[in-house]
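See structure below.
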Amino acid sequence: MRVASTDNPLSVVVLISGSGTNLQAIIDYIREQELPIEIRAVISNNPDAYGLKRATEAGIPIEVVNHRDYQSREYFDQALRAVIDQYKPELIVLAGFMRILTDDFVRHYQGRMINIHPSLLPRYQGLNTHQRVLEAGDEQHGVSVHFVTPELDGGPVIIQASIPVRKDDTPQSLAERIHEQEYIIYPLVIQWFAEGRLQLRDDTVLFNGKPITDSQRQFRV
Ligand code: GAR
């Protein structure tokens with residue numbers, strides 16, 4: 001794994017579908033910490049995604065690959081891949097990108113594509129995680145960052161942050177507290193990647209060259 005430097009920063013492409021608050025947190029963290037990470041493009045499947053405005057304001061090139069313009073998932077993924085690869089990213093960051101990707105696409109980027117998902121994976125893969133946590137009466141909720149593999153929300157977990165579920169919580173209040181954790185852990189994982197500390201070997205996450213331990217995976221402030 002190479003270690004990014006100011007002369008040779010880590011090249012990143014971020015994929016979004018919506019408001020892009022995670023994207024904003026990543027942009028801000030890279031700037032504040034002066035990290036050798038270059039977001040070369042922000043790509044959205046949704047032309048109206050507010051995150052595109054955030055990218056433009058930050059001086060980052062934007063691209064739209066609208067899934068509605070393609071007859072099938074395969075065609076959409078081929079077009080998306082062609083746009084991503086123009087930027088030669090070393091890391092692809094899915095930040096609220098709400099499309100299911102084909103196996104071919106995922107395999108092409110395996111080990112260099114990460115996702116953030118609002119649950120303590122492997123629990124609650126898929127949508128509406130906050131509502132499902134409340135319905136199940138769980139006492140803990142959380143968020144996971146994981147390498148992307150063909151299984152939806154099923155790739156090896158890099159880090160998780162937990163929050164307690166309160167009696168008066170709503171999906172909205174949970175989403176807000178989960179977001180606060182997301183803005184901390186996602187930029188951190190990208191920093192680790194730039195530092196050459198993270199790798200995927202088969203189905204195992206290596207942290208500093210060794211299989212990541214359960215305690216390393218649990219984020220604590
Ligand atoms: C985030 O909460 C992220 O965890 C979730 O979408 C939100 C995007 O917010 N991702 C998923 O549900 C992926 N399965 P943002 O656009 O404000 O960053």
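No lab work stands behind these numbers, since they all come straight from the coordinates. Keep in mind it's a predicted model, so treat the numbers as computed, not measured. Cβ coordinates were reconstructed from backbone atoms using ideal geometry, including for glycine residues, and neighbour counts include every protein chain displayed.
The table below gives the values:
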read-out	value
Residue match in the stretch 93-109 (condition: touching a Ser or Thr at 6+ places or on another chain (Cβ under 8 Å) and within 15 Å of Pro164 (Cα to Cα))	no
Residues of the stretch 28-51 satisfying the condition of being within 12 Å of the ligand (Cβ to nearest atom) and among the small types (Gly, Ala, Ser)	Ser44, Ala49, Gly51
Among (1) within 11 Å of the ligand (Cβ to nearest atom); (2) on the phi > 0 side of the Ramachandran plot; (3) more than 16 Å from the chain's Cα centre (by Cα), the one test that Arg54 misses	(2)
Hey, Ile116 touching a residue at least 40 places away in the same chain (Cβ under 8 Å), closer than 27 Å to Ala194 by Cβ, near the ligand (Cβ under 10 Å from one of its atoms) and not in a loop (DSSP other than H, G, I, E, B) or not	yes
Only listed residue being in contact with an Asp or Glu (Cβ under 8 Å, 6 or more places away or on another chain) and among the hydroxyl-bearing types (Ser, Thr, Tyr), chosen from Thr149, Thr213, Thr170	Thr149
Test result for Ala25, assigned to a helix (DSSP H, G or I), away from the ligand (no atom under 16 Å from the Cβ) and either free of Cβ contacts under 8 Å to residues at least 40 places away in the same chain or within 18 Å of the chain's Cα centre (by Cα) (or both)	no
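Every residue, every condition in (1) in a loop (DSSP other than H, G, I, E, B); (2) more than 14 Å from the chain's Cα centre (by Cα); (3) crowded, with 20+ Cβ neighbours inside 10 Å, yes or no:
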| residue | (1), (2), (3) |
| --- | --- |
| His141 | no, yes, yes |
| Val145 | no, no, yes |
| Pro150 | yes, yes, no |
| Ile159 | no, no, yes |
| Gln172 | no, yes, no |
| Ala175 | no, yes, no |
| Glu180 | no, yes, no |
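Conditions tested, residue by residue: (1) assigned to a helix (DSSP H, G or I); (2) over 22 Å from Ile190 (Cβ atoms).
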{"site": "Pro47", "(1), (2)": "no, yes"}
{"site": "Gly51", "(1), (2)": "yes, no"}
{"site": "Thr56", "(1), (2)": "yes, no"}
{"site": "Ile60", "(1), (2)": "no, no"}
{"site": "Glu74", "(1), (2)": "yes, yes"}
{"site": "Asp77", "(1), (2)": "yes, yes"}
{"site": "Ala82", "(1), (2)": "yes, yes"}
